[in-house]
Amino acid sequence: MTTTEIEALFALPFADLIFRAQQVHRAHFDANAIQRSTLLSVKTGGCSEDCGYCSQSARHGEVERESLLDVAEVVAAARAAKDKGATRFCMGAAWKGPKDKDLDTVTEMVSAVKGLGLETCVTLGMLKAGQAERLRDAGLDYYNHNLDTAPEFYGQVISTHSQADRFATLDRVRTAGIKVCCGGIVGMGETRKSRVSLIAELARMEPPPDSVPINNLVPMPGTPLENAPPLDPFEFVRTIAAARISMPAAFVRLSAGRQEMSDELQALCFLAGANSIFHGDKLLTAGNPEAARDEALFERLGLTAI
Ligand code: SAM
Ligand code: DTB
Ligand code: SF4
């Protein structure tokens with residue numbers, strides 16, 4: 001879809017947009033089934049990058065730096081996540097990118113989690129030549145690496161790397177045969193035009209990402225964006241719908257910011273075509289709804305887990 005077509009989607013009356021999103025969603029997925037992934041921060045804080053939204057940058061945010069977790073701790077967390085109904089386990093590290101030595105441990109984590117019968121995902125920052133292949137050989141299913149925001153807004157949020165750097169890593173991941181999880185954040189004070197261009201950029205990838213996380217900014221204390229004006233919730237739902245319509249076969253993940261959303265707003269996001277969530281009471285450093293609240297919501301909406 002072109003940028004103009006995506007702009008036209010955002011401009012539709014709300015009911016027409018949701019109707020279009022439902023049609024596309026139902027042509028490609030069971031509209032009542034939601035995939036659940038659990039996140040674990042395997043290396044928290046102290047990151048060299050300056051992403052304006054992130055609590056883990058060494059330049060701002062109030063998160064204590066921790067070293068890489070032990071494989072045994074990660075396996076215990078993955079087992080607990082599986083028991084609570086997650087089908088995918090996603091391990092995140094606050095790195096610009098991993099050193100080859102770090103990958104020795106991360107590949108062990110991936111193999112062990114895969115061995116539990118879970119799908120595996122990691123988000124480690126930018127990859128160098130050969131690193132994606134090592135992760136693939138360890139049994140990695142998905143690599144998460146977001147475009148984060150529109151190209152024209154990127155420099156206002158992040159100065160220590162460029163969006164072109166992000167594309168280079170996405171190419172390495174795809175070439176290694178790993179599935180791509182790539183999305184972005186809204187609610188950072190960007191214009192609708194920037195939200196349109198983020199979605200257009202994602203949809204233009206060849207092929208489009210397999211999984212598209214749409215994060216609503218969680219304003220973290222101490223970060224440059226801690227006082228960003230909250231996005232109109234309907235505009236968030238429109239962004240989900242535009243992602244669904246422009247990337248029909250992708251899992252669209254209702255990602256960060258769900259804890260701050262009402263059950264009714266989450267239901268609108270599912271109607272707009274979101275069919276994946278993070279499950280478990282923590283994201284990386286921010287909170288996420290308790291499993292019991294999700295169970296109750298699934299029950300009330302007649303949703304099933306994939
Ligand atoms: N360091 C790696 C990287 O930047 O790719 C992996 C971890 S990073 C925390 C993963 C993603 O989390 C970011 O790309 C961003 O989209 C999202 N994120 C981080 N902080 C956020 C916040 N406060 N609100 C919403 N999303 C956030
Ligand atoms: C993604 O797009 N969202 C997740 C996952 N990929 C790694 C991370 C959300 C982080 C929210 C802020 C925090 O927990 O610090
Ligand atoms: Fe580092 Fe990732 Fe946070 Fe940016 S988003 S500061 S790269 S952990």
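Structural remarks
- Pair list, Cβ under 7 Å, 6 or more apart: the stretch 239-260 residue in contact (Cβ under 8 Å) with a residue 40 or more places away in the chain, other residue assigned to a helix (DSSP H, G or I) and among the aromatic types (Phe, Trp, Tyr): Ala242/Phe10
- For the stretch 263-293, a residue qualifies if it is over 29 Å from Leu9 (Cα atoms) and under 18 Å from the mean Cα position of the chain (by Cα), and the qualifying residues are His279, Gly280, Asp281, Lys282, Leu283, Leu284, Thr285, Ala286, Gly287, Asn288, Pro289.
- In the stretch 297-306, the count of residues that are within 13 Å of ligand 2 (Cβ to nearest atom) and in contact (Cβ under 8 Å) with a residue 60 or more places away in the chain is zero.
- Flag for Glu264 being over 30 Å from Thr3 (Cα atoms), among the charged types (D, E, K, R) and loosely packed, with under 15 Cβ neighbours inside 10 Å: no
- Options Arg172, Arg166, Arg204; residue that is among the charged types (D, E, K, R), free of Cβ contacts under 8 Å to residues at least 60 places away in the same chain and closer than 24 Å to Phe278 by Cβ: Arg166
- Residue check, Asp83 modelled with pLDDT under 95 and more than 21 Å from the chain's Cα centre (by Cα): yes
- Cβ pairs under 8 Å, 6+ apart, first in the stretch 14-35 and over 29 Å from Ala291 (Cα atoms), second crowded, with 17+ Cβ neighbours inside 10 Å and aromatic (Phe, Trp, Tyr): Leu17/Phe10
- Meets criteria (within 16 Å of ligand 3 (Cβ to nearest atom), within 29 Å of Gln156 (Cβ to Cβ), at pLDDT 95 or above and part of a helix (DSSP H, G or I)) for Leu198: yes
Listed here are the residues, each with its yes/no results for (1) away from ligand 3 (no atom under 16 Å from the Cβ); (2) modelled with pLDDT of 95 or more; (3) in contact with a helix residue (DSSP H, G or I) (Cβ under 8 Å, 6 or more places away or on another chain); (4) of a type outside the set (A, V, I, L, M).
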| residue | (1), (2), (3), (4) |
| --- | --- |
| Thr105 | yes, yes, yes, yes |
| Val113 | yes, yes, yes, no |
| Gly117 | yes, yes, yes, yes |
| Thr120 | yes, yes, yes, yes |
| Leu127 | no, yes, yes, no |
| Ala132 | yes, yes, yes, no |
| Leu135 | yes, yes, yes, no |
| Tyr142 | yes, yes, no, yes |
| His145 | no, yes, yes, yes |
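- Per the listing Gly92, Gly45, the residue uniquely crowded, with 18+ Cβ neighbours inside 10 Å, assigned to a loop (DSSP other than H, G, I, E, B) and either within 11 Å of ligand 1 (Cβ to nearest atom) or among the acidic types (Asp, Glu) (or both) is Gly45.
- Test: residue in the stretch 123-134 that is in a loop (DSSP other than H, G, I, E, B), over 19 Å from the mean Cα position of the chain (by Cα), surrounded by fewer than 18 Cβ atoms within 10 Å (Cβ to Cβ) and aliphatic (A, V, I, L, M): yes
- Test: residue in the stretch 27-41 that is among the polar types (S, T, N, Q) and within 12 Å of ligand 1 (Cβ to nearest atom): yes
- Matching option when the condition is out of contact with any strand residue (DSSP E or B) (no Cβ under 8 Å at 6 or more places or on another chain) and β-branched (Val, Ile, Thr), among Val252, Val212, Val237: Val237
- Residue tally, condition modelled with pLDDT of 95 or more and either among the hydroxyl-bearing types (Ser, Thr, Tyr) or farther than 19 Å from Lys99 by Cα (or both), over the stretch 60-73: 2
The values are calculated or read from the model by the stated rules, or taken from the named source; none is laboratory data. Keep in mind the model is a prediction, meaning the values are calculated, not measured. When we count neighbours, we look across all protein chains shown, and the Cβ atoms used for this are built from the backbone with ideal geometry, even at glycine.
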